[in-house]
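These notes are about the structure you will find just below.
Only the coordinates and a few stated rules stand behind these numbers; no lab work does. From a predicted model like this one, the values you see are computed outputs, not experimental measurements. For neighbour counting, all protein chains shown are included, and Cβ atoms are generated from backbone atoms with ideal geometry for every residue, glycine included.
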């Protein structure tokens with residue numbers, strides 16, 4: 001009996017064990033299946049986001065997070081890394097590790113202290129408290145991990161064809177920046193129709209910000225952050241509204257840029273036309289300032305601030321601007337060039353109206369007025385407006401320019417002031433547009449301007465961005481030099497090349513950039529600007545042979561880099577590296593073709609000195625003159641700089657030897673079209689026929705007065721314009737451009 005009972009117990013135990021083993025086996029199998037499914041899911045997610053994120057040469061997944069300041073912030077960062085890579089990173093409360101991201105709480109941090117540092121491959125994220133740390137983790141994810149709007153409902157991984165992110169192992173930072181606040185001035189002239197004149201269907205839209213997708217626009221703002229800027233400034237003007245049909249679309253894009261900037265820890269500045277509400281394609285014939293002249297050339301109002309119609313108009317447009325007040329950190333009102341207020345009292349009156357509208361919505365907004373042309377005296381302005389108005393002075397661009405008086409006034413009166421720099425990183429694209437590389441000129445102007453800090457030091461500087469993505473190299477240099485103007489400009493330019501194409505091709509892209517700098521800008525303001533005798537493109541010392549040889553070499557470099565399909569950029573780009581290089585290539589081709597022309601022209605002068613036979617020389621110049629092509633570049637209303645200079649030098653040669661200037665029908669038709677379109681643009685503003693002088697187009701400056709008059713007369717012969725007097729014309733069918741019939 002006992003044996004039978006023991007046997008039954010034993011059998012029961014064995015049965016239970018077998019069941020347990022079977023259950024355990026099922027659990028193990030299920031776990032393997034689930035793990036396989038999870039691995040497959042992570043692989044799919046990984047393929048859909050980024051296959052590689054590196055900090056320097058080390059994958060971010062080889063890093064550990066040291067959460068000395070906040071476990072929650074560390075967990076948050078870990079989840080972001082897993083979201084974009086599909087892999088987890090380890091999190092520790094302390095300890096040492098060769099590759100680490102430090103989460104540090106520092107209650108003594110000041111408002112503007114750097115909170116994200118990358119040095120020697122080690123990342124440090126700082127915050128004053130847990131909330132600040134989580135915010136900085138979000139900013140880090142947006143700046144470096146390929147996320148957009150981290151921590152918000154619209155958080156997502158940015159689209160990136162390369163599926164790869166390379167974070168620099170060192171990000172430049174100085175504890176004592178020369179300019180603590182730095183912004184690019186994102187100018188909204190339309191790249192295909194600057195000034196609302198002459199639509200250029202050949203211009204590539206890869207430089208057209210307002211045509212960018214949301215992710216491309218976000219990447220553009222990220223690019224500016226990586227250049228070293230602390231914010232972005234965007235121009236809001238009726239010309240932009242005209243290009244896109246309404247202000248609502250433009251404001252939607254501006255608000256998106258503001259949101260992008262804020263998510264990256266940057267500020268957003270709105271710059272507005274303060275007294276220009278009609279023209280450039282935006283036609284509002286109700287716009288009125290001082291009232292219409294009567295038959296005795298007397299206006300009803302001495303001051304626009306007395307005119308109720310003007311007050312209503314300003315209220316209307318300022319209310320439009322103020323729709324963005326809630327997302328602005330700073331507002332700058334611009335009243336000169338363009339502008340229609342003729343005295344300081346009116347400027348102060350309406351600037352006060354604009355300030356009050358913005359502050360009623362956003363009391364903390366920094367409001368200011370642009371005084372960059374010396375036309376507005378900041379001391380007199382602020383006597384009316386009050387000392388809480390920020391004023392914006394200009395830079396000391398050329399030798400001998402000074403802002404000593406204005407700076408001294410600001411210091412004595414307790415005024416806050418900044419610098420609004422124009423046409424320094426590049427030329428504004430509305431007139432003479434070109435891709436520029438101005439590293440050495442920027443450094444020269446910054447150092448000259450810094451000498452006046454003894455009279456009063458600004459803490460804010462904004463730098464023009466008009467050519468957009470092709471201006472990245474100058475902006476990279478400007479963003480660093482605004483922190484320390486003593487840095488080496490050439491080293492920064494090489495660094496910018498490395499940031500775009502990586503180590504393997506950095507020297508070759510650097511050579512391309514040096515060529516553009518030498519051929520289009522030179523090393524000083526006077527060689528960069530067309531109005532000076534030292535203008536490098538037309539300079540008699542232009543080194544045609546050397547530039548021609550360099551441009552041939554650089555075209556080969558560009559082809560090599562484009563074919564390589566480079567994905568080693570450490571700086572965010574809104575377009576691919578190959579697209580960026582393809583945008584650069586036609587500029588180098590223009591330089592190549594122009595240097596060939598200059599070489600041939602020098603030889604023509606040599607031959608003419610030996611044998612000044614007019615028939616031979618006429619054939620020589622006829623064969624020689626082939627206009628530089630516009631290709632797909634952004635072209636202002638003055639045309640391609642090399643083509644403009646080429647024609648003027650051809651004119652000089654013909655004048656020297658009494659020859660007929662050769663005329664290219666395509667080149668001339670482009671010029672005449674631009675003249676006609678600008679006169680039509682101004683006609684559209686009026687309800688009656690407008691009369692123009694023969695040299696009205698761009699004040700005769702674009703093509704020269706005589707050439708402008710000659711082409712305008714040809715438009716009369718073509719029937720497009722009508723001669724009103726010996727010196728004036730009108731648009732022949734002007735009624736077709738009136739809309740109030």
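Points worth noting:
- Scoring 128-138, 524-534 by mean Cβ neighbours within 10 Å over their residues and listing the highest first yields 128-138, 524-534.
- Cα-based helix-to-principal-axis angle, 641-657 vs the chain, degrees rounded to 10: 30
- Gain on full stretching of the segment that runs from residue 326 to residue 616 - 0.36 nm per residue minus C-alpha separation: 97.4 nm
- Spacing of the modelled spin labels on residue 705 and residue 256, each 7 Å from Cα toward Cβ, amounts to 4.7 nm.
- In terms of surrounding Cβ atoms within a 10 Å radius of their Cβ, 262, 592 rank from fewest to most as 262, 592.
- Å³ per residue enclosed by the Cα convex hull of the stretch 666-741: 80
- Antiparallel %, DSSP beta bridges [both residues in the chain], to 5: 25
- Neighbour counts of C-beta atoms inside 10 Å place 720, 205 in the sequence 205, 720, starting with the fewest.
- Distance in nm between pseudo-label sites at residue 119 and residue 457 (7 Å out along the Cβ direction from Cα): 2.1
- Ascending count of other beta-carbon atoms within 10 Å, so fewest first, for 701, 197: 701, 197
- Over the chain, Cα pairs under 8 Å with separation of 6+ residues give a relative contact order of 11 percent.
- Distance from the Cα centroid of the stretch 244-276 to that of the stretch 411-428 is 21 Å (rounded to whole angstrom).
- Extended-chain gain in nm, criterion 0.36 nm per residue less alpha-carbon gap, residue 294 and residue 364: 20.7 nm
- Extension gain, residue 108 to residue 732: 0.36 nm times the residue separation minus the Cα-Cα distance gives 217.5 nm.
- Ordering of 466-474, 273-281 by burial proxy (mean other Cβ atoms within 10 Å per residue, highest first): 466-474, 273-281
- Residue-averaged [θ]222 nm for the chain, counting only DSSP H segments that reach four residues, each worth -39500 (n - 2.57): -15000 deg cm²/dmol
- Taking packing as the residue-averaged number of other Cβ atoms within 10 angstrom, the listed peptides 83-90, 115-122 run from highest to lowest as 83-90, 115-122.
- Kirkwood analysis of the stretch 361-491, using all unique Cα-Cα pairs, places the hydrodynamic radius at 15.6 Å.
- A Förster radius of 25 Å combined with the Cβ-Cβ distance from residue 413 to residue 174 puts the calculated FRET efficiency at roughly 0.25.
- Both radii come from the Cα set of the chain: Rg as radius of gyration, Rh as Kirkwood radius; their ratio Rg/Rh reads 1.08.
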